[in-house]
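Below: the structure, in structure tokens.
The values are calculated or read from the model by the stated rules, or taken from the named source; none is laboratory data. Just so it is clear, the model here is predicted, and its values are computed rather than measured. Glycine also receives a Cβ, built like all others from the backbone with ideal geometry; neighbour counts cover every protein chain displayed. Just the protein is used for accessible areas: all its heavy atoms, side chains included, with ligands, DNA and RNA removed. Shrake-Rupley method; radii C 1.70, N 1.55, O 1.52, S 1.80 Å.
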Amino acid sequence: MKRIVLFGPPGAGKGTFSGQIKQALPEIIHVSTGDIFRENLKNETPIGLRAKKYMDRGELVPDDVVIEMVKDRLNKEDVKKEGFVLDGFPRTLSQAEALSNITEIDYVILLEVDEDIIIKRILGRYSCPNCEEIYNKYFMKPKKEGICDKCGALIKFEQRSDDNEETLRNRLNVYKQNANPILDYYRSKGKLKDINYEKKLTEKDIIKVLEL
Ligand code: ADP
Ligand code: ZN
């Protein structure tokens with residue numbers, strides 16, 4: 001059972017990396033705060049309605065909302081039993097401190113990627129509406145144009161509404177402002193693993209990183 005935090009700028013490939021972790025540890029539960037927010041937005045829940053204006057601008061949703069949401073999710077039985085990959089949280093030092101009161105974690109994986117690659121990854125990314133497999137217009141098109149490799153559904157390039165150039169700049173700035181205190185915090189606890197994620201890692205690399 002592993003409890004893993006994924007950390008890195010928007011577009012570092014946290015979603016893709018989570019998929020790779022799931023191949024090595026099929027039972028582990030992927031908890032993505034961005035996905036939970038988008039789900040809430042789609043269903044127009046109170047959390048979704050509160051988060052919308054921040055997400056549209058590429059700003060952080062207030063800590064109290066996010067922390068409560070993550071606490072709820074991490075306290076569920078499935079997560080307690082199978083462990084988790086936390087993707088998109090913490091994004092501020094107070095979120096990191098709050099997390100330490102919710103659960104132990106085994107390590108934090110920092111995905112490092114150059115900024116020009118990040119920009120292409122974000123502006124080119126899209127996903128299968130049926131199975132959520134992730135693709136990229138520049139780097140990772142499906143093998144057959146318009147058809148999902150994984151489930152066969154029809155797909156076309158469609159940007160997430162907050163994946164535009166202006167919001168992206170904002171998200172990158174927000175990341176840079178918050179990252180160092182969080183990284184120092186985990187480094188001082190000896191939890192940080194720093195990996196270069198400009199190229200997709202092999203399964204062997206992943207197993208090594210995860211200490212399986
Ligand atoms: P990104 O591609 O920027 O990593 P995510 O899918 O993780 O995007 O998150 C989308 C949006 O959801 C963020 O821009 C932010 O508004 C909100 N969000 C997600 N996680 C958090 C968090 N831990 N704290 C505050 N806001 C968050
Ligand atoms: Zn699919």
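Quick look at the numbers
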read-out: For Tyr135, distant residues with modelled amide H under 5 Å away; value: Tyr126, Ser127, Cys128
read-out: Lys2 long-range amide H proximity, modeled H, under 5 Å; value: Phe84
read-out: Carbon plus sulfur fraction of accessible area for region 158-206, probe 1.4 Å, in percent; value: 43 percent
read-out: Cross-link pairs Lys143/Lys193; Lys14/Lys150; Lys14/Lys42; Lys137/Lys191 - those with Cα-Cα distance over 26 Å; value: Lys143/Lys193; Lys137/Lys191
read-out: Fluctuation leader among Asp163, Asp64, Asp87 - the chain, Gaussian network, Cα springs under 10 angstrom; value: Asp64
read-out: Sites Asp78 and Ala179, calculated FRET efficiency, Cβ-Cβ separation with R0 25 Å, nearest 0.05; value: 0.25
read-out: Alpha-carbon Rg/Rh ratio, for region 1-103, with Rh computed the Kirkwood way; value: 0.95
read-out: Gaussian network model of the chain, Cα within-10 Å springs - most flexible of Ile29, Ile47, Ile109; value: Ile47
read-out: Distribution of pairwise C-alpha distances over region 155-212, 5 Å bins, in %; value: 4, 13, 13, 13, 18, 18, 14, 5, 1
read-out: Residues of the chain: accessible area per residue with a 1.4 Å probe, Å²; value: 55 Å²
read-out: At 1.306 mPa s and 10 °C, Stokes diffusion of region 78-186 via Kirkwood alpha-carbon radius, µm² per second; value: 97 µm²/s
read-out: With all protein chains modelled, accessible area of Thr92 [1.4 Å, Å²]; value: 20 Å²
read-out: At R0 = 35 Å, FRET efficiency that the Cβ-Cβ distance of Glu203 and Asp64 yields, to 0.05; value: 0.35
read-out: Projected-area mean, the chain, by convex hull of Cα positions, square nanometres; value: 11.4 nm²
read-out: Alpha-carbon centroids, region 70-140 and region 1-42: separation in whole Å; value: 4 Å
read-out: Heavy-atom accessible surface of region 1-147: percent carbon and sulfur, 1.4 Å; value: 49 percent
